Each structure stands twice: as C-alpha cells, then as structure tokens.
Amino acid sequence: MLMVTAVLAVTAAAGGVVVIMDGDLLSAQEPVRARPRATPLRTDVAAPRLDQLVPTTEPVKDFGAGGPGVTSTPARVLAIAPGTVPKETRLKLAKLKHVQKVTIVDAGAVKVSGTGLNLLAVDPSGFRSWTPQPVADQPAVWSALARGELVADAGAMRKYGMVLGAMYQVDGGPRLRVAASASLGLTGVDGLVSAEVGRTLGFAQGVAVLLHGKEGTIGEAGVRKLLGKGAQVVVLDAAARTPKQQQPAQEQQQQVSVGRPSSYLELYKAAATRCPGLSWTVLAAIGQVESSHGRNNGPSSAGALGPMQFMPATWKHYGVDGDGDGKKDIWSPYDAVPGAANYLCANKAGQGGERLRKAIWFYNHSWDYVNKVMGIAQAYAKTYA
C-alpha cells in the first residue's frame, strides 16, 4: 500500500497519461476475401477441454543481447522520492554505509479498466542485474521491454487475473501486451516497461531509487533523510531473496513465463484482446471447426494452412507475430490465433451482432459455417462461464 500511494502521487504531478499509437492497431483497409471452401465442414470433431489442451509448435526463440552470465544484485531498498533525484543526492546515497550499488529510474501508474498498476520504466540493458537471477538470465524478458511491451510481476498477474500474451488497454492511452511474467521482488511494483514507453506515458523521471548491499544492512533512516520530506522507503530484503530453499515450490517452477499462454483456453482469451468487443469463444469455435484446435492443420484441398486454416495470401496481409519470436508463422497457434482475431477485427467483428456474423462469413463464405461457429461459441460460453 505504501508504494501504491507514492507512485500514484508522482504520476499526478507528471501530468498523467498521454496517448500513443499501438503497432498492432488495424488500419481501415478493404478486407482480403477469405478462401472458398473446397472441402466439407467437419461436424464430427469432439470438443476437448481447452484449459487442458496445450498448443504445440517449435520452441520459442529468445532475442536480444546477453543471457546467462548477468550477475544479479537485487535491490535491498526501494524508495520513491517526491521529485527527480539530483546527481548530488545520488552520490550521497552511494556513500551511505553498506550501500554497494545505486540506480535511479522513472516511475508512474496507469489504469487498465479502472485498475491501477504501479510501473517502473527502465533501460532494459542496465536494469537486468537488479532483478532475481532467473529473470536476469531470460533474454526474452529484456527483448520484450525493448519492443515496448509489459513485463508483469507474477503477483500482479495472479491478483488481477491477467493473461500472458494478452493486450490490455491503458485508460486514455495505448494497448500494452503482457509479454512476460516474473517474480520481480519489488514490493508495490506491478511491472516494468521501457524508459521510452514510460516517457510517452508521462511518468515522473528519476524518482525511483534502488539500493543494493548486504542483506539487512542498509539503514532506512539514512535514505529517507537524503531524499527529503515526503519520500517513501520500503525495505525489500525478504522480497529480494532468491535462494531456492527460501521460495515456495510453485514459485521455483514458475519464476519466469515468456510470451506464450499455457493452454488453448488462455491463448484464445489472450488473442481476443487484440479486438475489443470480440469474444474469445468465437475464436475458439473457429479453431475447433477449422482444425480441432491444431489437430488437423492441413494443407486443405483449397491450400489453407495451419491451425486457423489461412490461405497464404490472406496470411501475408493479416498474419501477426503473436509470441514475439520474430516470425509470423502460419503453422504456429501462437501466431495463427491472434492472426485470426486480427482478420476478424478488420472486418468489424468487435461490433457484434450482424457485423460479427458478416466478419465470420468473410472468414469462410458460407452462412452454414457462420451458424455453426456461433452455435459452438455459445456452447463454449456456457461451458466456461
């Protein structure tokens, strides 16, 4: 609670959130016509449990310089200053007894559907050593930040029911993709964005102070005195511990999750967030009809490919890199499912009603197909209500 109050106050002083354009927003283009159906619709496909069905494809690629070898020096104290910390104060902080390392970053808060998230805005290359070792050793985390995506704290993911890979609309601002989840060990901090994204969001510059030293040795009073009246100081020693014997077994196994939802249910839910107003159940229904969720990927007799059965020409126009591995892979469910959401959204599926039905018709020119998809979508809605 201490950090929530402090960061919110800093954001108000910085002037709030400004609007940026998100790279995945669709342009108003004439839709590419979907393929003609050359094979009969499948009506004998059993509906597996989506929360138990794991998407499969090639292993995720990690991008970005570095990797294992970065030495973790986790923060022992985190403080929020009432204003930008001057260079002279930083030097004095570095001279405090037992302080071995100091960094100062930007901080602010955003709201997503009315829910406040406290974020630090960091330089990906410089901040790696301030995270627990498993996080520092994961290049995909830092590549995600460099791409302008959000790395969410694992506790915030659980608390707010966030979905890995989903796009979240910042109130009055852009959409941010949750590209990774990790236990950051920073009490009161819900996630990280890049310094560039933080500046665009209007975050207060140079107000978050992190100090490293031997556990339990840095005095809170000295930090508070240097930062002045109104500074908020949190001792992080308990949160910063990384030895395995000090972590719950589940947290040891799930220290860092990158890019990819763990089930088709999560994948459909994450992909649907790319098209506000589109229900994930429609994507799931299309996935069942087209390939039984990746169990019959084609090629079809008409030349359609992958779990969502795209024609290559349509994929070239609407395919996306859904998991941030640097490829738009028509065969990968992590790309194909958000690609389907992208295509449906371009045809105004998010508006619902007849617009949704027409968008599904564009996906496959058959009203029987539309009725089948809508019927399955309704069944999914009841099953996973």
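Just so it is clear, none of the values below were taken in a lab; they were calculated from the coordinates. All values reported here derive from a predicted model rather than from experimental measurement. Here Cβ is always computed from backbone atoms with ideal geometry, including for glycine, and neighbour counts include all displayed protein chains.
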Legend entry - Alpha-carbon spread of segment 77-258, three principal axes, descending order, Å: 43, 41, 27
Inset, instruction - Sticking with the crude label model, points 7 Å out along Cα→Cβ, report the distance from Lys87 to Lys328 in nm, one decimal please. - result: 4.6
Inset, instruction - Excluding residues on the same chain fewer than 8 positions from Lys92, give the lysines whose Cα lies under 22 Å from its Cα. - result: Lys101, Lys214, Lys225, Lys229
Inset, instruction - Based on the mean of other Cβ atoms within 10 Å per residue, sort peptides 205-218, 137-150 so the most packed one is first. - result: 137-150, 205-218
Legend entry - Nearby lysines by direct alpha-carbon distance to Lys382 (threshold 26 angstrom, same-chain neighbours under 8 apart not counted): Lys159, Lys269, Lys348, Lys358, Lys372
Inset, instruction - Order the peptides 322-330, 271-279 from the highest to the lowest mean number of other Cβ atoms within 10 Å of their residues. - result: 271-279, 322-330
Inset, instruction - Return the FRET efficiency for the residue pair Lys101, Lys159: r is the Cβ-Cβ distance, R0 is 22 Å, and the value is rounded to the nearest 0.05. - result: 0.15
